[in-house]
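Below is one structure; the comments refer to it alone.
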């Protein structure tokens, strides 16, 4: 009984493999018991050409069809001497799709792990700062100063610009509503309370998360990948005191300082609009602000802002230090640090507002 | 892409496939390569040797088109690499493979996908053929069992071998190797050397290998270029270079500290007797 034979052309390379593959698939549709591939006419070939032959052998093997090769030239035998055809054509193991619980776990587990890592880093950093000081191991001021320079000084221009523009926009929105009732002067109350209580700390924390939190995650992640963290530990230098504590303190201090700048410049923006477009005297604007705001508002806002800064610093460092999987992991940690920082800032803000406005 | 010839011996001609003329590369004020001339013949294993910091990797990056030299020119198959049009440069790049020192595998792709990447991006082969071709390359370097692993799960030696499989995925005419056996145990290093020799013999691929590993260089080289302080100290057939009488070259080959290096000796002049 004769069996179908597929004859390869003189050139068996990536430009002609489609012909061989199509012919093989056509023969396989007839459900033969045995197929022969004749390579005797092949004069030149490349890896893709022989890849098509192996691919056909594997497909035949999986379908239970016997496949034979004939007419292999010496160069082809030399090529096949570098591989094990038996190993290549073994059927692949079926891919088992994980169940719903496993898939849910794969989504939830990294989130829980990330949150726990942040809590652990917070605990260890707090310990390092408090117990270390008691043991005479003080915060490294030189490294903290470098970090403050990046966090605070580096963000000064963008914070001032955002604050001035947002102050004007808030004043504009308030003015449109208040002039209906003839009480435009309350623009100052609106701008003051909004900037001091919410917009200032929140916007500062968001800018900090985008600039410094992501930088910390990427920097520490890259240091993990290149084994710099392991080298520090091996030299007896604790990454927590050498790298993390200065970054966290710098973020907290940076958030505090930048929030003060934001508040002042934001109110200047509101005042500029009130004076320039709404016809409100600067003296009246300032007097209205004095009446609307209390010292407690400032103190709570600054405490809130410092906490936001510390949270941003901790999240970036915690996620950076647990990077795995090389550059892919660094990218993931950087993105997650910004997302988790902003989420955490909103949660902390909600807790502060609840305590300040509702619980008392 | 030009297909592999069924007769590799036919491709072993004496024509120069890669030429560098008066290559000088400076980083700021520092001259790393100083007037290097070389010619690599089609089908040979050309080894660039020298001590650490002598400019080997810089020379390799100049030759493969990653780093333009400050002065001089590099030509591949008669085309000037640094004045080529983007289309010609892309064509030349598809005919060459580069195996980086650390592997440079893409961390978000499995080992199989790393090797299949150049085939997927540069050919219109059916997916099954791409996968089988990539698996064949992985089998050649002994990594078929790790094809579904991520690069982060591989050891240093496995990464180097995966990088080699990716470098030969498109059946290049030239493969550049940056320290292929550094950091490997002697058995794995010998395996990599054998693989380079086999690929050269079976496919007639021109190999340009940068190494400071003397046994490895001697095992695989047809011709050797020795760089010392950015200059060519010797170039020629392997045994000819190995027997060269240049004093500094002998120091390097015989693993001696150069005579002008006074480390450990000049303290004597400060001793009180």
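Just so it is clear, none of the values below were taken in a lab; they were calculated from the coordinates. Being a predicted model, the structure only gives us computed values, none of them experimental. Backbone-built Cβ (ideal geometry, glycine too); neighbour counts: all protein chains shown.
Do you know the relative contact order of chain A, to the nearest whole percent, from alpha carbon pairs under 8 angstrom that are 6+ apart?
Relative contact order for chain A comes out at 19 percent.
Between B:187, B:45, B:175, which gets the highest mean-square fluctuation from a Gaussian network model of chain B, Cα cutoff 10 Å?
The residue that fluctuates most here is B:187.
Can you give the average number of partner chain beta-carbon atoms within 10 Å of each beta-carbon in peptide B:119-131, as a whole number?
5
Count, for each residue of A:294-304, the Cβ atoms from other chains sitting within 10 Å of its Cβ, then give me the mean as a whole number.
0
Can you give me the distance in nm between label points at residue B:121 and residue A:119, each placed 7 Å from the Cα along the Cα-to-Cβ direction?
The answer from the label model is 4.3 nm.
Go ahead and estimate [θ] at 222 nm for the protein assembly as shown from helices alone: -39,500 (n - 2.57) per DSSP H run with n ≥ 4, summed, over the residue count, rounded to 500.
Using -39500 (n - 2.57) per qualifying helix, the result is -17000 deg cm²/dmol.
Sequence gap at least 6, Cα distance under 8 Å: using those rules, report the relative contact order of the range A:23-182 to the nearest whole percent.
With pairs under 8 Å counted, the relative contact order is 17 percent.
With r as the distance between the Cβ atoms of residue A:193 and residue A:126 and R0 = 41 Å, compute the FRET efficiency 1/(1 + (r/R0)^6) and round to 0.05.
With a Förster radius of 41 Å, E is 0.80.
Suppose R0 equals 45 Å; then what is the FRET efficiency for residue A:153 and residue B:90 from their Cβ-Cβ distance, rounded to the nearest 0.05?
0.50
If I build a Gaussian network model for chain A, linking alpha-carbon pairs within less than 10 angstrom, which residue out of A:191, A:35, A:264 has the largest mean-square fluctuation?
Fluctuation is largest for A:35.
What distance in nm separates the simple spin-label points at residue B:39 and residue A:227, each placed 7 Å from Cα in the Cβ direction?
4.3
Any idea what the relative contact order of chain B is, in percent, if you count C-alpha pairs under 8 Å spaced at least 6 apart?
That works out to 24 percent.
Across peptide B:23-34, how many C-beta atoms of other chains are within 10 Å of each residue C-beta, on average?
If you average over the peptide's residues, the count of other-chain Cβ atoms is 0.
How far apart, in nm, are two points set 7 Å out from the Cα along the Cα-to-Cβ line at residue A:183 and at residue A:286?
A separation of 2.4 nm, rounded to one decimal place.
What order do you get for A:267, A:358, A:203 when you list them from fewest to most C-beta neighbours inside 10 Å?
Taking fewest neighbouring Cβ atoms as first place, the list is A:358, A:203, A:267.
Give the peptides B:108-115, B:205-212 in descending order of average Cβ contacts within 10 Å, highest first.
B:205-212, B:108-115
Can you tell me what share of the DSSP beta bridges in the range B:124-268 is antiparallel? A percent to the nearest 5 is fine.
Around 55 percent antiparallel, to the nearest 5.
What's the exposure ranking of B:99, A:92, going from fewest to most Cβ atoms within 10 Å?
Starting with the residue having the fewest Cβ neighbours, the order is A:92, B:99.
Output the antiparallel fraction of DSSP beta bridges having both residues in chain B, as a percent to the nearest 5.
In chain B, DSSP labels about 55 percent of beta bridges as antiparallel.
Just for the protein assembly as shown, what percent of DSSP beta bridges are antiparallel, to the closest 5?
45
Could you please state, rounded to a whole Å, how far the C-alpha centre of the range A:238-295 is from the C-alpha centre of the range A:134-170?
Using only Cα atoms, the two centres lie 13 Å from each other.
Gain in length, residue A:356 to residue A:275, computed as 0.36 nm per residue apart minus the alpha-carbon separation, to one decimal in nm?
Between residue A:356 and residue A:275, full extension yields an extra 25.9 nm.
At a Förster radius of 35 Å, what calculated FRET efficiency corresponds to the Cβ-Cβ distance of residue A:234 and residue A:87, to the nearest 0.05?
My answer for the efficiency is 0.30.
Given springs between every Cα pair under 10 Å in a Gaussian network model of chain A, which of A:299, A:17, A:323 has the largest fluctuation?
A:17
Which residues in the range B:116-131 have a backbone N closer than 16 Å to a point placed 7 Å from the Cα of residue A:11 along the Cα-to-Cβ line?
B:124-125
Can you bin the range B:10-111 into rounded, prolate or oblate? Criterion: square roots of the alpha carbon gyration tensor eigenvalues sorted a ≥ b ≥ c, rounded for a/c under 1.5, prolate for a/b above b/c, oblate for the rest.
It comes out rounded by the Cα gyration axes.
Quick one: A:45, B:100, fewest Cβ neighbours within 10 Å first, how do they rank?
Least to most surrounded, the residues fall as B:100, A:45.
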